[in-house]
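Have a look at the structure below before the remarks.
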Amino acid sequence: MTQPLVTLTGESLGWDGRVALRDVSLRIATGERIAILGRSGAGKSTLLTALHDRAQVRLALVPQDNGLIGALSVFHNVWMGVLDDHGTARNLRTLIWPSAAERAAVARVLQTVGLDELGRRSVSQLSGGQRQRVALARAKMRGGALLLGDEPVTALDPEQGAALLDHLLAAFPTSVLVLHDVDQALRVATRIIGLRQGAVAVDAPAADLTADDLLQLYR
């Protein structure tokens with residue numbers, strides 16, 4: 001049997017001494033596309049954080065707040081995805097004077113998210129949707145065995161968000177995404193984890209579930 005990418009066994013998850021989820025047991029296998037659903041405050045971000053902390057593979061993260069540095073350019077925010085691939089000297093040089101090859105590598109990724117002309121612009125000057133695209137570009141720049149995303153396309157209109165989500169998912173063999181759209185989850189996921197009242201209430205193949213089944217999580 002293939003070794004799971006992440007395993008949680010009967011764990012309580014939370015922060016600052018507060019338990020948000022009880023008795024969580026999950027195994028994330030290579031090739032899965034997992035959507036995490038539930039009401040606001042159900043523990044979705046808490047679960048994603050636990051998966052991030054326990055994963056022993058290279059992963060890319062798209063946090064809910066995008067995790068960008070407003071004072072830096074789009075280029076530098078995307079390049080942050082590969083900072084730990086290089087030494088301090090190179091990273092300092094890239095901060096001050098990026099090479100043509102480095103700019104070209106970032107430009108190729110920015111083109112895939114529709115920001116190919118904005119590499120030199122400060123992130124602080126961007127709209128919310130543009131910032132989310134930068135976060136998606138940084139994740140793609142990083143690459144890896146696993147993509148974790150916390151509502152990664154909520155700032156985009158539905159059609160653009162769906163297209164960018166499909167493009168991003170195609171770049172990673174395995175993904176776990178917190179989503180707020182039930183129909184989107186059923187469209188992209190192979191497995192759905194639903195949270196309700198501090199516990200995992202649903203853990204099933206997406207093909208076995210309907211929108212009505214999942215709407216029970218919000219009632």
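The values are calculated or read from the model by the stated rules, or taken from the named source; none is laboratory data. Nothing here was measured: the structure is a model prediction, and the numbers come from that model. Please note: Cβ atoms are built from the backbone with ideal geometry, for glycine as well, and neighbour counts cover all protein chains shown. Protein only, heavy atoms only, side chains kept; ligands, DNA and RNA dropped before computing areas. Shrake-Rupley method; radii C 1.70, N 1.55, O 1.52, S 1.80 Å.
Values computed for the structure shown
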item	result
C-alpha center-to-center spacing [region 150-182, region 81-137] in angstrom	20 Å
Radius 11 Å from Cβ of R142, net charge of other residues (Lys, Arg +1; Asp, Glu -1)	+1
Cα pair distances of the chain binned at 5 Å [whole percent]	1, 7, 15, 18, 18, 15, 12, 8, 5, 2, 0
Net charge, S99 excluded, C-beta distance under 10 Å - Lys, Arg +1, Asp, Glu -1	+2
Principal axis box of region 3-46, alpha-carbon based, largest edge first, Å	32, 21, 14
Region 13-34-region 190-219 distance, computed between alpha-carbon centres (Å)	14 Å
Relative contact order (%) - criterion: Cα under 8 Å, at least six apart; region: the chain	29 percent
Charge dipole (the chain, unit charges on Cβ, about Cα centre) - positive-most of S73, G14, T30	S73
5 Å-binned pair-distance histogram of region 79-159 (Cα, whole percent)	3, 13, 24, 25, 20, 11, 4, 1, 0
Projected-area average for region 1-94 over all orientations - Cα convex hull basis, square nanometres	8.8 nm²
Surface accessible to a 1.4 Å probe, per residue, for the residues of region 95-219, Å²	46 Å²
Among beta bridges that DSSP assigns inside the chain, antiparallel share in %, nearest 5	45 percent
Accessible carbon and sulfur surface of the chain relative to its total accessible area, %, 1.4 Å	51 percent
Whole-percent pair-distance distribution, where bins are 5 Å wide, for the alpha carbons of region 90-219	2, 9, 18, 18, 17, 13, 9, 5, 5, 3, 1
Those trypsin sites (Lys or Arg not before Pro) in region 91-181 that DSSP places in a loop and that have at most 15 other beta carbons within 10 Å	R120, R121
Relative contact order of region 7-82, pairs being alpha-carbon contacts under 8 Å that are 6 or more residues apart, as %	21 percent
Cα-based radius of gyration of region 163-219 once divided by 2.2 N^0.38 Å, which approximates compact folds	1.15
